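Here the structure comes first, spelled out in structure tokens, and everything after it is commentary.
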Amino acid sequence: MSGFIPHTEEEIIQMLNVIGVNKIEDLFLDIPENLKTKNFNIPDGLDEIELEKKVKNLAKKNRSDIINFAGGGYYDHFIPAAVDVISSRSEFYTAYTPYQPEASQGTLQAIFEYQTMITGLTGLDYSNASLYDGGTALYEAIAITVRTNNRSKVIIDKGVNPLFRKIVKTYSINLPLKIIEVDLKDVYTDREKIKELLDDETAALVVQNPNFFGIVEDFEDLFIFAKQKNISAILVFYPVSLGILKTPGEMKADIAVAEGQSLGLPLCFGGPYLGIIAVDKKYLRKMPGRIVGETIDKEGRKAYVLTLQAREQHIRREKATSNICSNQALCALRAVVFLSLYGKNGFRELALKNFENAEYLKEKFSDIKNLKIKQGQTFNEFTIEIKEDAFNIVKELIRKGFFGGLPAGLFFEDKKNYLIISVTEKRTKDEIDTFYKILKEILKG
Amino acid sequence: MKTIFENSIKGRKGVISGEVNNDLIKKIDEKFLRKEELSLPEVSELDVIRHYINLSKLNFSVDTEFYPLGSCTMKYNPKVCEKLASREEFLNLHPFLSYIDEDSVQGVLEIIYEISRLLCEITGMKKITTQPYAGAHGELTGVLLMAAYHKAKGNNKKYIIIPDSAHGTNPASAAMGGYSIISIPVDKDGNMDVNILKEKINEEVAGIMMTVPSTLGLFEKNIKEIIELAHKYDALMYYDGANLNAILGKLKPGEIGFDIIHINLHKTFSTPHGGGGPGSGVVGVSGKIMDFLPVPEVIKENEKFKLNFNIKNSIGSVASFYGNFQVLLKAFIYIILLGKKGLIKVSEVAVLNANYILAKIKSYYDVPYNRICMHEFVLSARKQLKNGVHAIDIAKYLIDNKIHPPTVYFPLVVEEAIMIEPTETESKQTLDEFIDIMIKIAEISEKEPEKIKQAPLKTPILRVDEAKAARELKLKCDI
Ligand SMILES: Cc1ncc(COP(=O)(O)O)c(C=O)c1O
């Protein structure tokens, strides 16, 4: 026997004898003969040497050397080596969900610390062990509010990541939910329009900070306005920005959700990422997913355990707050290690460095005639307007080795000339200078 | 152990970062800034490493212990899959690159295309979406696909039929997708009770969700009849593929009439479970559901891989991009490594291992359905309960013997359930040790039941007060 099956032929015969059958096929007699697979058209296996060659060849067919100035909710941040070391510990990554506390204090405590850091970051009361990604976390947040106040309308600002909005709409196709998306005024939230739409059928208002175009706002007044009408306030945030920016809690959000990729997860072509959720205490029992709590063991020692499980599918079945079972635990572990390494001061500095780099590029851009920077406060991402289709410009930049931003036209028909550019702490002065020069050439001044 | 916050010393930092200009903050209007202090720990890199490495030592894991957790397929995760899936060429790729320049991402698009084809061949389905992030997410995707199918046909459907032995995610997913549930009991042999099914099924049933082999580890004998019955009412057949590890190369759900399937790649295809994820719950569909799949899909045209955003009646998207790409990649590597013969062997030996344990211990425990099992089986601790020993006590005693417990109290239809899934990667020697301990437990339960009920005694913590955890909620560290 080969590969990862340790049995010898002899052992197999011994085992069949114990079972009392002659051959392995006899173990499959419950499957009616006429249903059995006739053709199983899978290529022959490989040895490890052939395998390495094959995967290496596939790896080479990607332009991973490209320098990233594109964000759009998914950012090219630096990942300290210690994050990989911890997440590649077998004891973490080859364990299952921590159902048996005596055999999983490691995972449980790490999640408990993660929950703590997410609440600290957001200024809200509670968090959970993670959800799948930013978009699914947003849907779960909306579901909490709909369930709580029995209303069916949700107002979503179009400054919210379009991928998240698409997931929310998809999840709702067979539900009595009315999703109303509010057009932006250029790249800015239309507060007046939103206020008009908030009525007594509205369950929740969703806005994002910084928004998809990089604009930073303070939504506190809007949230207070919404809450006076018993409408829940949901804020989509960007974790790294909270090193310096006003927190969801300070803005009086009821629920905050985020794509957690920026906290120590590689871009990795779309995943695995991390769905973050944090809630005000009034929503704790409506929150989806695993939650770890502290308690004591028989001898009074501190211990951690999955708690409030009466919300979950394995107990409540169709009445559960969500269907989620496996989540993104290892990604949450990476996030908690990332946040520990940066820590109180490092994380603030990380945010500042992002801001600094983006401001530096903005300043350089000020001498390019055919380019206009959208006004307003930004963090590490901003939008420029140019005189031609940004899609073509980005294509040309890619040929020159730069992923030069996200053309807004991919998601906004009327914004084809807008390019959304992000500059993280990873971009060196050299890279920024070169990028500026090349873009200036392409835009001809 | 102390929390990471308790290790905090003011002024410490675990990263080396360049100079930052603190004055820059003045460029931002006060009203946009955080006032509340950041409550993160202040620790060195060594503090962090030591803390989390020491925490890891408190875990049981496949790499350190036998882990026969039923329904979860905790097989060994080949290291070559981990290594190759962590190459920089994959890790550094921005997913949005694919929206603009497919030429830059041909390798990863090819991987998504190829694993989809392989999984279609394995399951007998026509098309795959890789978006779902986990099994339950796949179920929800499947339910949304059902809804889209029925809407397109003008069908008025309200219910989804689910056997009462099903995993909790099945009814939860059906409800999340907007349906009510009709529950069907199992009969005395552990199959879905077809007579009750016949009574309950009606024109308003959107679909039937089945787990095959069932959560009792048994092959559903009436499967063909159930499928025909469902299709008579234009109800779709959903296959919960959590237990696919039993049937590789033996049965293709698509070939026998299933319309939708999810596969837990983190079970059958050996991607590690990560202490609770990330997994992957890719969904496969038959021809009649193809037009509703999420976008974008990866297609091949003139030897080039491309994205197609135009699926006629697509439900939309259930994930940001292509699902947990790195998990797909690990599963892809696993499949091409094992190949046809290797995959067939997986199921054969998984079933062999389960039946071997069952044969050796069945006279010591109550076996609710005494049949040849598939890749796992369910015992009941009913016999032991007469002496006051519950399934949970047996689980805890196993921990003291350095074995991760089987799944207990699931499926709900078996009293004091103990669900054992050894997987194919465990040797006869490991199984024999487990068998010995299980027999010993049965014997001790007769004579000294207290010994079992006290367990565990050798763990970093003893049994925990779960009621206190739920009553006096403490969900974050003291800072
Ligand atoms: C039978 C069955 N269905 C569905 C699921 C849900 O899968 P996941 O945890 O990947 O969401 C599981 C996993 O525990 C399962 O065992």
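Considering only residues that are within 18 Å of residue A:402 (Cβ to Cβ) and part of a loop (DSSP other than H, G, I, E, B), look in region B:86-136 and name the one that is nearest to the ligand (Cβ to nearest atom).
B:95
Mind listing just one residue for me: the one in region B:46-59 that is facing chain A (nearest Cβ under 7 Å) and crowded, with 21+ Cβ neighbours inside 10 Å and, of those, nearest to residue B:376 (Cα to Cα)?
The initial filter retains those residues of region B:46-59 that are facing chain A (nearest Cβ under 7 Å), namely B:48-49, B:52-53, B:55-59.
If we keep only those that are crowded, with 21+ Cβ neighbours inside 10 Å too, we end up with B:48, B:52, B:55-56, B:58-59.
Values: B:48: 40, B:52: 34, B:55: 31, B:56: 28, B:58: 27, B:59: 24 Å.
Result: B:59.
Inside region A:299-349, can you point out the residues that are of a type in the set (Val, Ile, Thr) and more than 22 Å from the chain's Cα centre (by Cα)? Explain how you work it out, then say what you get.
From region A:299-349, those of a type in the set (Val, Ile, Thr) are A:305, A:307, A:315, A:321, A:324, A:336-337; that's our starting set.
Hits for region A:299-349 are A:305, A:307, A:315.
Those residues that are within 16 Å of the ligand (Cβ to nearest atom), of a type in the set (Val, Ile, Thr) and not in a strand (DSSP E or B), I need them from region B:165-216; list them, please.
Matches in region B:165-216: B:169, B:212, B:215.
Conditions first: (1) under 23 Å from residue B:345 (Cα atoms); (2) within 10 Å of chain A (Cβ to nearest Cβ); (3) surrounded by 24 or more Cβ atoms within 10 Å (Cβ to Cβ). Residue B:256 passes all but one, so which condition is the exception?
That leaves (3) as the condition not met.
Return a yes/no flag: does region B:280-289 have any residue that is within 16 Å of the ligand (Cβ to nearest atom) and within 12 Å of chain A (Cβ to nearest Cβ).
First, the residues of region B:280-289 that are within 16 Å of the ligand (Cβ to nearest atom): B:280-284.
Then keep just the ones that are within 12 Å of chain A (Cβ to nearest Cβ); that gives B:280-281.
So far as region B:280-289 goes, yes, one or more of its residues are within 16 Å of the ligand (Cβ to nearest atom) and within 12 Å of chain A (Cβ to nearest Cβ).
Checking residue B:219 against (1) within 14 Å of the ligand (Cβ to nearest atom); (2) buried (at least 24 other Cβ atoms within 10 Å of the Cβ); (3) over 12 Å from the mean Cα position of the chain (by Cα); (4) assigned to a loop (DSSP other than H, G, I, E, B), which single condition isn't satisfied?
Going through (1) within 14 Å of the ligand (Cβ to nearest atom); (2) buried (at least 24 other Cβ atoms within 10 Å of the Cβ); (3) over 12 Å from the mean Cα position of the chain (by Cα); (4) assigned to a loop (DSSP other than H, G, I, E, B) one by one, residue B:219 breaks only (1).
Look through region B:146-164, keep the residues that are more than 10 Å from chain A (Cβ to nearest Cβ) and farther than 19 Å from residue B:220 by Cβ, and return whichever of them is nearest to the ligand (Cβ to nearest atom). Before the answer, list the steps.
So the first thing to find is which residues in region B:146-164 are more than 10 Å from chain A (Cβ to nearest Cβ), and the list is B:149, B:152-156, B:158-159, B:161, B:163.
Imposing the further condition that a residue be farther than 19 Å from residue B:220 by Cβ reduces the set to B:149, B:152-156, B:158-159.
Working: B:149: 21, B:152: 27, B:153: 27, B:154: 31, B:155: 26, B:156: 28, B:158: 23, B:159: 20 Å.
Taking the candidates together, the pick is B:159.
Of the residues A:388, A:356, only one is outside any loop (DSSP other than H, G, I, E, B) and open to solvent by 40 Å² or more (accessible area, probe 1.4 Å); which? Give the steps one after another, and end with the answer.
Values: A:388 fails: outside any loop (DSSP other than H, G, I, E, B).
It is A:356.
Which pairs have Cβ atoms under 6 Å, sit 6 or more apart or on different chains, and link a residue in region B:70-85 that is within 16 Å of the ligand (Cβ to nearest atom) to one that is assigned to a helix (DSSP H, G or I)?
B:73/B:245
Consider residue B:317 carefully, then state whether it is out of contact with any strand residue (DSSP E or B) (no Cβ under 9 Å at 6 or more places or on another chain), at pLDDT 95 or above, more than 9 Å from every other protein chain (Cβ to nearest Cβ) and more than 16 Å from residue B:119 (Cα to Cα). Don't jump to the end; show me each part of the working.
On the way: out of contact with any strand residue (DSSP E or B) (no Cβ under 9 Å at 6 or more places or on another chain): yes; at pLDDT 95 or above: yes; more than 9 Å from every other protein chain (Cβ to nearest Cβ): no; more than 16 Å from residue B:119 (Cα to Cα): yes.
Spelling it out, it is not the case that residue B:317 is out of contact with any strand residue (DSSP E or B) (no Cβ under 9 Å at 6 or more places or on another chain), at pLDDT 95 or above, more than 9 Å from every other protein chain (Cβ to nearest Cβ) and more than 16 Å from residue B:119 (Cα to Cα).
Can residue B:422 be described as closer than 25 Å to residue A:4 by Cα and in a loop (DSSP other than H, G, I, E, B)?
Details: closer than 25 Å to residue A:4 by Cα: yes; in a loop (DSSP other than H, G, I, E, B): yes.
Considered against the rule, which asks whether it is closer than 25 Å to residue A:4 by Cα and in a loop (DSSP other than H, G, I, E, B), residue B:422 comes out as yes.
Identify, from the list B:341, B:330, the residue that is open to solvent by 10 Å² or more (accessible area, probe 1.4 Å) and under 30 Å from residue B:296 (Cα atoms).
Numbers: B:341 fails: under 30 Å from residue B:296 (Cα atoms).
Answer to the selection: B:330.
Can you tell me which residue in region A:290-306 is least open to solvent (accessible area, probe 1.4 Å), limited to those that are part of a loop (DSSP other than H, G, I, E, B) and without any contact (Cβ under 8 Å) to a residue 60 or more places away in the chain? Let's see the steps before the verdict.
Taking region A:290-306 as the starting set, the residues that turn out to be part of a loop (DSSP other than H, G, I, E, B) are A:290-291, A:298-301.
Adding the requirement that they be without any contact (Cβ under 8 Å) to a residue 60 or more places away in the chain leaves A:298-301.
Numbers: A:298: 118, A:299: 127, A:300: 47, A:301: 93 Å².
If we take residues in region A:290-306 being part of a loop (DSSP other than H, G, I, E, B) and without any contact (Cβ under 8 Å) to a residue 60 or more places away in the chain, then A:300 is least open to solvent (accessible area, probe 1.4 Å).
Among B:115, B:16, B:25, B:100, which is the only one that is open to solvent by less than 40 Å² (accessible area, probe 1.4 Å) and more than 8 Å from chain A (Cβ to nearest Cβ)?
Numbers: B:16 fails: open to solvent by less than 40 Å² (accessible area, probe 1.4 Å); B:25 fails: more than 8 Å from chain A (Cβ to nearest Cβ); B:100 fails: more than 8 Å from chain A (Cβ to nearest Cβ).
None of the other options fit; the residue is B:115.
Look through region A:343-387, keep the residues that are touching a residue at least 24 places away in the same chain (Cβ under 8 Å) and among the hydroxyl-bearing types (Ser, Thr, Tyr), and return whichever of them is farthest from the other protein chains (Cβ to nearest Cβ).
Among those residues, the one meeting the criterion is A:383.
Could you please let me know if residue B:62 is within 16 Å of the ligand (Cβ to nearest atom), facing chain A (nearest Cβ under 9 Å), open to solvent by 10 Å² or more (accessible area, probe 1.4 Å) and hydrophobic (A, V, I, L, M, F, W, C)?
On the way: within 16 Å of the ligand (Cβ to nearest atom): yes; facing chain A (nearest Cβ under 9 Å): yes; open to solvent by 10 Å² or more (accessible area, probe 1.4 Å): yes; hydrophobic (A, V, I, L, M, F, W, C): yes.
Against the criterion (within 16 Å of the ligand (Cβ to nearest atom), facing chain A (nearest Cβ under 9 Å), open to solvent by 10 Å² or more (accessible area, probe 1.4 Å) and hydrophobic (A, V, I, L, M, F, W, C)), residue B:62 qualifies.
What number of residues within region B:30-45 satisfy the criterion of being closer than 21 Å to residue A:108 by Cα and either more than 7 Å from every other protein chain (Cβ to nearest Cβ) or touching a residue at least 12 places away in the same chain (Cβ under 8 Å) (or both)? Quick ask: steps written out before the conclusion?
At the first step, the residues of region B:30-45 found to be closer than 21 Å to residue A:108 by Cα are B:39-41, B:43.
Remaining after also requiring either more than 7 Å from every other protein chain (Cβ to nearest Cβ) or touching a residue at least 12 places away in the same chain (Cβ under 8 Å) (or both): B:39, B:41, B:43.
Residues in region B:30-45 being closer than 21 Å to residue A:108 by Cα and either more than 7 Å from every other protein chain (Cβ to nearest Cβ) or touching a residue at least 12 places away in the same chain (Cβ under 8 Å) (or both): 3 in total.
Is it the case that residue B:31 is in a helix (DSSP H, G or I), out of contact with any helix residue (DSSP H, G or I) (no Cβ under 6 Å at 6 or more places or on another chain) and assigned by TED's automatic domain parsing to the domain that holds residue B:111?
On the way: in a helix (DSSP H, G or I): yes; out of contact with any helix residue (DSSP H, G or I) (no Cβ under 6 Å at 6 or more places or on another chain): yes; assigned by TED's automatic domain parsing to the domain that holds residue B:111: no.
Answer is no for this residue.
Can you tell which of B:446, B:466, B:426 is charged (D, E, K, R), open to solvent by 70 Å² or more (accessible area, probe 1.4 Å) and in contact (Cβ under 8 Å) with a residue 12 or more places away in the chain? Can you show your working first?
On the way: B:466 fails: in contact (Cβ under 8 Å) with a residue 12 or more places away in the chain; B:426 fails: open to solvent by 70 Å² or more (accessible area, probe 1.4 Å).
From the options B:446, B:466, B:426, the qualifying one is B:446.
Residue by residue through region A:201-237, note down the ones that are open to solvent by 10 Å² or more (accessible area, probe 1.4 Å) and either more than 13 Å from every other protein chain (Cβ to nearest Cβ) or at positive phi (or both).
Answer for region A:201-237, where residues must be open to solvent by 10 Å² or more (accessible area, probe 1.4 Å) and either more than 13 Å from every other protein chain (Cβ to nearest Cβ) or at positive phi (or both): A:201, A:208, A:224, A:225, A:227, A:228, A:229, A:230.
Has region A:317-335 got at least one residue that is more than 7 Å from chain B (Cβ to nearest Cβ), without any contact (Cβ under 8 Å) to a residue 60 or more places away in the chain and either assigned to a helix (DSSP H, G or I) or within 16 Å of the ligand (Cβ to nearest atom) (or both)?
Yes; the residues of region A:317-335 include at least one that is more than 7 Å from chain B (Cβ to nearest Cβ), without any contact (Cβ under 8 Å) to a residue 60 or more places away in the chain and either assigned to a helix (DSSP H, G or I) or within 16 Å of the ligand (Cβ to nearest atom) (or both).
Cβ-Cβ under 6 Å, sequence separation 6+ or interchain: first residue in region B:254-268 and among the acidic types (Asp, Glu), partner assigned to a loop (DSSP other than H, G, I, E, B). Which pairs?
Qualifying pairs under 6 Å: B:255/B:124; B:259/B:286.
Is it the case that residue A:159 is part of a loop (DSSP other than H, G, I, E, B), within 18 Å of the chain's Cα centre (by Cα), modelled with pLDDT of 95 or more and not assigned by TED's automatic domain parsing to the domain that holds residue A:425? Can you show your working first?
Values: part of a loop (DSSP other than H, G, I, E, B): yes; within 18 Å of the chain's Cα centre (by Cα): yes; modelled with pLDDT of 95 or more: yes; not assigned by TED's automatic domain parsing to the domain that holds residue A:425: yes.
Judged against the criteria, residue A:159 is a match.
Within region B:53-62, track down each residue that is part of a helix (DSSP H, G or I) and in contact (Cβ under 8 Å) with a residue 24 or more places away in the chain. Steps first, answer last, please.
From region B:53-62, those part of a helix (DSSP H, G or I) are B:53-56; that's our starting set.
Correct list: B:54, B:55.
Limited to region A:388-409, what total is found for residues that are touching a residue at least 24 places away in the same chain (Cβ under 8 Å) and either within 11 Å of another protein chain (Cβ to nearest Cβ) or over 28 Å from the mean Cα position of the chain (by Cα) (or both)?
Of region A:388-409, the ones touching a residue at least 24 places away in the same chain (Cβ under 8 Å) are A:388-391, A:393-394, A:396-398, A:400-406, A:408.
From the residues that got through so far, the ones that are either within 11 Å of another protein chain (Cβ to nearest Cβ) or over 28 Å from the mean Cα position of the chain (by Cα) (or both) too are A:388-391, A:393-394, A:396-398, A:400-401, A:403-406.
Counting residues in region A:388-409 that are touching a residue at least 24 places away in the same chain (Cβ under 8 Å) and either within 11 Å of another protein chain (Cβ to nearest Cβ) or over 28 Å from the mean Cα position of the chain (by Cα) (or both) gives 15.
In region A:113-142, which residues are at the interface with chain B (Cβ under 8 Å from one of its Cβ atoms), assigned to a helix (DSSP H, G or I) and over 28 Å from residue A:303 (Cβ atoms)?
Matches in region A:113-142: A:134, A:135, A:136.
The values are calculated or read from the model by the stated rules, or taken from the named source; none is laboratory data. Please read all numbers here as calculations on a predicted model, not as lab measurements. Heads up, the Cβs are rebuilt from the backbone with ideal geometry, glycines too, and the neighbour counts pull from every protein chain shown. Surface areas here come from the heavy atoms of the whole protein model, side chains and all, with no ligands, DNA or RNA. Shrake-Rupley method; radii C 1.70, N 1.55, O 1.52, S 1.80 Å.
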